[in-house]
Amino acid sequence: MKTRQDAWTHEEDVILAETVLRYIREGGTQLAAFEEVGDRLNRTAAACGFRWNAEVRKRYVEAIELAKKQRKERKRALEQAKKMQRSENKAQPLSTNFVSFQQETSAFLTAPSITLDQCIAFLQTLKSDYERSETIQMENERLKNENAQLRTRNEELQKKLERLEEQQFTMKEDYEALVKIMERARKLVVEEEYGVHPAHIFRMDKNGNLEHIAQS
């Protein structure tokens, strides 16, 4: 039977206070804390609860308020971690540091107990990681915009190249047409001068001079 009639010692009061404060921080119930303390001190949960409410609680008013604040911060951090986890399921993580941060957050939230210094350090790390995440997001957006501008510039250059190719093709056609016109004009001049069809008698050499050919 977990029954003792002797008085509580200072060490037992400290164990009771630390256990109850830990349960408050972690969102547990005081009844569960009393049961744990009872198992450790070989006392009943009711005796532990009576001792807490009658004597110990009065000496830890500020610690209780602090533990409640830590519980709220813990709950907020847990909700944020869940939101991050849901976001991770929808999209690729921004970096390997983000995955490491999630692992550290999960380990922190599942720790058996959290001190005030640990809570402060965790929040500072959370703030730093959040700022780093924002920086990565801004850099990602900048690179996306730069990529979009380069893509637009590439499309403009491609269109310009196509226009130049069309102009080159048109100039080539005009040049060939001009050569044909000049050739016809040359034939007409030869025909007027010699009175015969030039195709059967003359041809033009490489230097542009007329060369006589025997008629077949």
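What follows is calculated from the coordinates using simple rules that are stated; it is not laboratory data. Computed from a predicted structure; not experimentally measured. Backbone-built Cβ (ideal geometry, glycine too); neighbour counts: all protein chains shown.
Mind ordering 25-38, 175-188 by average Cβ neighbours within 10 Å, highest first? Display every interim value, and only then the final one.
Details: 25-38: 17.7, 175-188: 10.8.
Answer by packing, highest mean first, reads 25-38, 175-188.
Among the listed pairs K72/K127; K83/K144; K160/K180, give every one whose C-alpha distance is greater than 22 Å.
K83/K144; K160/K180
If the cut-off is 13 Å between C-alpha atoms, which aspartates and glutamates fall inside it for K58, apart from same-chain ones fewer than 8 positions away?
Qualifying aspartates and glutamates at Cα under 13 Å: D13.
Output ³J(HN,Hα) for segment 69-86: one whole-Hz value per residue in order, computed from phi by the Karplus curve 6.51 cos²θ - 1.76 cosθ + 1.60 with θ = phi - 60°, and x for Gly and Pro.
Karplus values, whole Hz, x for Gly and Pro: 5, 5, 5, 5, 5, 5, 5, 5, 5, 5, 5, 5, 5, 5, 5, 4, 5, 5.
Quick check: pseudo-label points 7 Å beyond the Cα along Cα→Cβ at T125 and E88, how many nm apart are they?
1.4
Put a dot 7 Å past each Cα toward the Cβ at Q158 and E62; how far apart are the dots in nm?
According to this spin-label approximation, the distance is 7.0 nm.
Whose amide H sits under 5 Å from the amide H of T44, counting only residues 5 or more places off or on another chain, with H placed in the peptide plane?
It is R4, by chain and number.
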